[in-house]
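Asker: Have a look at the structure that comes next, please.
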Amino acid sequence: MPGSVRADGRRPRGSLRRGGAPWRVPALACSAQFLVVLDVSVVNVALPAVRDSLGFRSGGLAWVANSYALAFAGCLLLGGRLADLYGHRRVFACGLALFTGASLAGGLATTPAALLAARTGQGLGAAVLAPATLTLVTAAFPEGARRARALAVWTAVSSAGGAAGNVLGGLLTETLGWRSVLLVNVPAGLALLVAARTGRTPRSPRTAPAPEAPAPGPGRPAGLDVPGAVTATAGAAALTYGLSSAQESGWGAPGTLCALLGGAVALAVFALVEIRYAARPLLPPRLLRLRAVAVGNALMLLAGACLQTPVWYFLTFYMQDVLGYSALRTGLGFLPHTLVAVVVGVRVTPYLMRRLPHRTLIVTGALVCAAGFLWQSRAGAGDGYPGGVLGPAVVFSLGGALFSTPATAQVTSGVPAADAGAAAGLMNTAKQFGGALGLAALLSLSGDAARPDDHTAVFLAMAALLLATAALALLLPRTRTPD
C-alpha cells in the first residue's frame, strides 16, 4: 500500500501511518476538512452583528470573508508540498494548531484589525490543513473500492460543511452571539489535535520515490522550493484579490487590473521556476503530464465556478429576496442539498464507481447538474419552496454527488506517493479559484453585487458551464474502481 514518503524514498518523520484501524486516519482527516469548509460560510450570517459590535466602516466588512479566502487560496500549493516534504501527520497537526489558535484570537478580537488578522491566520492554517486531509485519505488506502468509499466520505463532508455553515452560523449568532461562530472551532480543533497526537499505528511498507525527481546538485537546495513558494503564493493571492475587487469595483477598475496582471506575471514566473530551476518543485511538472490530473483539474475549475461558493451565494439571495426568508430559515432551506449530496455521495456513487467508468459518471453528473440549474433558472416567487428550491436542489445535488467523487479519484489516480500532497494542493487550488472566478463573472450578470436581481441569467450561465464541463470530461481516460 502506498504510504507517506519523501522524494528520496524515506518516510518523513511524523507521518501518519495506518495499520489495524485503517479508517481512523481518514475519519480524522474528514473531520478536519469539515472545519475548513465550514469556516468558509459560517461567518456570512454573522456579518451584520460583527459590523455593529466592532464598528467596521463601509467596505471593510467584506474583508472578514475575503481575508480568509485570500490567505487560503494563496497558500494551498505551498501547503500541499509541505506535507510531502515534512510529513503528513506533522503538517496536519501544525495546520490544525494554527487554524484553532487563529479561531480563538478571532473570537476574542476587540478591533476590526485584530479580527482581520485572525481571519488571515485561519486562512493560512486552512491552506496547510486542506491538502493534508486529502493526502491522508489517499495514503490510507490503495486505489480501489476502499479508497473510493473514503473519497466519497471526504467529498460528502466537504459539501456538508458549506451548507452546515449557513445553518450553524444563523443558530449560533441568534443564540450565543457572533463570537461563538469562531470560538466553536476551538474545542473541535483541540479534540482533533489530541486524536492526531495519539493516532500512531504500525509502520507500513515503504514505496519507491517519485519518478523523474531530480537529484539535488550544486546550487540546488534539497528542501522547500522557496522561489516557487513565493511566486505561487504571490500570484494566487494577487489573482484572488483581483477577483474579489472585481466583485466590488468592476473589471475595469485600476486596482482590479493591476492585481490580475500582477498575479498573471507572478504565476508565469512560477511556471518558469518549476520547469527550469527547482530541484524539488512545489508543483512537479510531471504531474501535469498525467492526463487524468491535467484534465481533472480543469474540470474542478469549471465545476467550482458553479458548485462551490457561487451556488450558495445566489441561492441565499434568492431565498431571502424572492421568497422573503429570514437568515435562519434560509440556512435551514439548504438542508435538502446537504442530505442528497451526502446520501448519494456516500452510498450510491462508490457502488456505481465499481461498475461504470469514472468518465461516464462525471459526464452524467455534470449533465444532471446542468438540468438542475436550468430548472432553478425558471423558478420564481410563485413556485414557493417546493418548486423554487427543493425540486432543483434534489436534481443538481444528485448531479454533484455523482460528479465529485469520481472527479476527485481521477485527479489523485496514478500520482506517486511522494507527490500526493502537491496533487491535493493543486486540486484544492483549482476548486478555490473556480469558485472565486465563477462568483466574480456571475455577479457581472446579476445586476447588483450587493443584491443580485437577475437569478435567471446566473443559473442559465451555470447550466452552460456544466455542459462545457461534461464535454471536457470526454477527454478523461476510461478507468473504473477495481473491486
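Asker: Let me know the Kirkwood hydrodynamic radius for the stretch 324-477, please, with Cα pairs as the basis and the value in Å to one decimal.
Answerer: 16.9
Asker: I'd like the FRET efficiency for L288 and L445, computed as 1/(1 + (r/R0)^6) with the beta carbon distance as r and R0 of 25 Å, rounded to 0.05. Working shown, then result.
Answerer: Values: r = 31 Å, r/R0 = 1.26.
Rounded to the nearest 0.05, the efficiency is 0.20.
Asker: Still on this structure, please answer the following. Filter the chain for me: DSSP H helices, axial length by Cα at least 20 angstrom, mean Kyte-Doolittle hydropathy not below 0.0. List them by residue number.
Answerer: Span-like helices here: 24-41, 88-107, 112-140, 145-175, 226-249, 254-272, 291-307, 358-377, 391-412, 420-446, 455-473.
Asker: Averaging over every viewing direction, what projected area does the convex hull of the Cα atoms of the stretch 63-125 cover, in nm²? Present the calculation step by step, with values, prior to reporting the outcome.
Answerer: Details: hull surface 15.3 nm².
Quarter of the Cα hull surface area: 3.8 nm².
Asker: Across 10 Å bins from 0, what is the distribution of all Cα-Cα pair distances for the chain, in whole percents?
Answerer: Taking all Cα pairs of the chain, the binned fractions are 4, 21, 32, 28, 12, 2, 0, 0 percent.
Asker: Considering the Cα trace of the stretch 31-149, what is its radius of gyration and what is Dmax, both in angstroms?
Answerer: Here Rg and the maximum Cα pair distance are 16.0, 53 Å.
Asker: Moving on. Report relative contact order for the chain in percent, whole number only (criteria: Cα-Cα under 8 Å, sequence separation at least 6). Please report the intermediate quantities before stating the final value.
Answerer: Details: 917 pairs, mean separation 113.3, N = 483.
23 percent.
Asker: What are the ³J(HN,Hα) values, in whole Hz, obtained from phi via the Karplus relation 6.51 cos²θ - 1.76 cosθ + 1.60 with θ = phi - 60°, for each residue of the stretch 380-387 in sequence order, with x given for Gly and Pro?
Answerer: x, 4, x, 7, x, 6, x, x
Asker: Assuming 0.36 nm per residue, please report the length gained on full extension of the stretch V194 to D321 beyond their Cα-Cα distance.
Answerer: Contour length minus the Cα-Cα distance gives 41.3 nm.
Asker: Turning to a different aspect of this structure: On a C-alpha basis, how far is the centre of the stretch 293-315 from the centre of the stretch 222-261 in Å? Whole number, if you could?
Answerer: 19
Asker: What whole number of Å gives the distance from the Cα centroid of the stretch 400-425 to the Cα centroid of the stretch 97-118?
Answerer: 32
Asker: In the neighborhood of L475, defined by Cβ-to-Cβ distances under 10 Å, what is the net charge if each Lys or Arg adds +1 and each Asp or Glu adds -1?
Answerer: My count for the surroundings of L475 gives +2.
Asker: Continuing with this model, one more query. Arrange the peptides 252-263, 183-194, 396-407, 111-122 so that the one whose residues have, on average, the most other Cβ atoms within 10 Å appears first. Walk me through the numbers before you get to the answer.
Answerer: Numbers: 252-263: 15.2, 183-194: 17.1, 396-407: 28.4, 111-122: 19.5.
Descending packing order for the listed peptides: 396-407, 111-122, 183-194, 252-263.
Asker: On to the next question. Leaving out ligands and nucleic acids, note down the accessible area per residue over the chain with a 1.4 angstrom probe, in whole Å².
Answerer: 38
Asker: For the ranges 79-90, 294-305, what's the packing order if you count other beta-carbon atoms within 10 Å of each residue, average per peptide, and put the highest first?
Answerer: Top of the packing list down: 79-90, 294-305.
Asker: Here is a follow-up. Grab the Cα-Cα distance for A264 and A457, subtract it from 0.36 nm times how many residues apart they are, and report the gain in nm with one decimal. Mind dumping the intermediate values first?
Answerer: Working: separation 193, 0.36 × 193 = 69.48 nm, distance 2.88 nm.
Extra length from A264 to A457 when fully extended: 66.6 nm.
Asker: Sort all Cα-Cα distances of the stretch 287-369 into consecutive 5 angstrom bins from zero, then give the percent of pairs in each bin up to the one containing the longest distance.
Answerer: Histogram of Cα-Cα distances, whole percents per bin: 3, 11, 15, 20, 18, 13, 9, 6, 3, 1.
Asker: If amide H atoms are built 1.01 Å from N in the plane of the peptide, which residues on other chains or at least 5 residues away come under 5 Å of the amide H of L224?
Answerer: none
Asker: Quick one: if the Förster radius is 35 Å, what FRET efficiency do Y351 and A114 give, using the C-beta to C-beta distance and rounding to 0.05?
Answerer: Once rounded, the FRET efficiency stands at 0.10.
Asker: Got a number for carbon plus sulfur as a percent of the chain's accessible area, 1.4 Å probe?
Answerer: Values: 12250 of 18390 Å².
Ligands and nucleic acids excluded, carbon and sulfur reach 67 percent.
The values are calculated or read from the model by the stated rules, or taken from the named source; none is laboratory data. Fair warning: this is a prediction, and the values are worked out from it, not measured in the lab. So basically every Cβ, Gly included, is an ideal-geometry build from the backbone, and we count neighbours across all protein chains shown. Protein only, heavy atoms only, side chains kept; ligands, DNA and RNA dropped before computing areas. Shrake-Rupley method; radii C 1.70, N 1.55, O 1.52, S 1.80 Å.
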